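Peer 1: First, the structure itself, so that you have it in front of you.
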Amino acid sequence: MLRLTKKADYGLMALKYLAEQALLSGKTGAASAQSAKDIAEAYHIPPQLLAKILQTLARQGILESHAGTNGGYALARPATEINAFEVIRAIDGPLFITSCITIHGTCDLAGHCTIKEPLRKVNDSIKDLLTGIIIADLAEVPDAEPSATLGGGLVSIAL
């Protein structure tokens, strides 16, 4: 079964929260910074694990970290410019559904394998789908129009 890790889930949830808070407050950057504790409480995420995830996302340039009394984390770019694939890759590393996709060189089954190319297409489709999902699509803001990117919430993968 192809699944996201808990860390990736939590990272996407945190970015969703930050996007919603920025939209609701009308502020961006340091002005919209939210504490890791607030995010953890909102989604019942283990605070120490979330803190590590947020630090990773800040090191990757997806979040900004602000110190001080009103500090916390904020999106480094608008929610419309951050996609799910880059968040997952920042947390979990490259996304591959099978190890043969990552092999640089000749696989032991090179002359006999019949599934490498179809699996590469599946991997590319998943990557394209996740790249097309932006954090703004995940944010739930009252009176907001649904994004056309996800087709009103329905997603399909064509192979």
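Peer 1: Out of residues 5 or more away from Leu63 or on other chains, whose amide H comes under 5 Å of its own, with H placed 1.01 Å from N in the peptide plane?
Peer 2: It is Ala58, Ala76, by chain and number.
Peer 1: Now a separate question. Less than 13 Å Cβ to Cβ from Gly11, Lys/Arg counted +1 and Asp/Glu -1: what total charge do the surrounding residues give?
Peer 2: Here the count lands on +3.
Peer 1: Among 12-19, 50-57, 63-70, how do they line up from the highest to the lowest mean number of other beta-carbon atoms within 10 Å?
Peer 2: The packing order, highest mean first, is 12-19, 50-57, 63-70.
Peer 1: Lys and Arg at +1, Asp and Glu at -1: add these up for the other residues within a Cβ distance under 15 Å of Pro78 and post the number.
Peer 2: Once positives and negatives cancel, what remains is -2.
Peer 1: So for the stretch 1-83, what are the equivalent ellipsoid semi-axes in whole Å, largest first, each being the square root of 5 times an eigenvalue of the Cα gyration tensor?
Peer 2: Equivalent ellipsoid semi-axes, largest first: 19, 14, 12 Å.
Peer 1: By per-residue mean of other Cβ atoms within 10 Å, what is the highest-first order of 77-84, 113-120?
Peer 2: 77-84, 113-120
Peer 1: When only alpha-carbon atoms count, how far does the stretch 41-102 stretch along each of its three principal axes, as whole angstroms with the largest first?
Peer 2: 49, 26, 19
Peer 1: Any chance you could get the radius of gyration and Dmax over the Cα atoms of the stretch 6-138, in Å?
Peer 2: Rg and Dmax of the stretch 6-138, Cα atoms, are 17.8, 62 Å.
Peer 1: Another one. Distance between Cα centroids, the stretch 1-23 to the stretch 56-82: provide it in whole Å.
Peer 2: First find each Cα centre; the distance between them is then 13 Å.
Peer 1: Given a cut-off of 19 Å, name the pairs among Lys6/Lys121; Lys6/Lys52; Lys7/Lys37; Lys7/Lys52; Lys7/Lys121 whose C-alpha atoms lie farther apart than that in the structure shown.
Peer 2: Over 19 Å Cα-Cα: Lys6/Lys121; Lys7/Lys121.
Each value in this text was obtained by applying a stated rule to the coordinates, not by laboratory testing. Since we're looking at a predicted model, the values are computed, not measured. Every residue, glycine among them, receives a Cβ derived from its backbone with ideal geometry; neighbour counts consider all protein chains shown.
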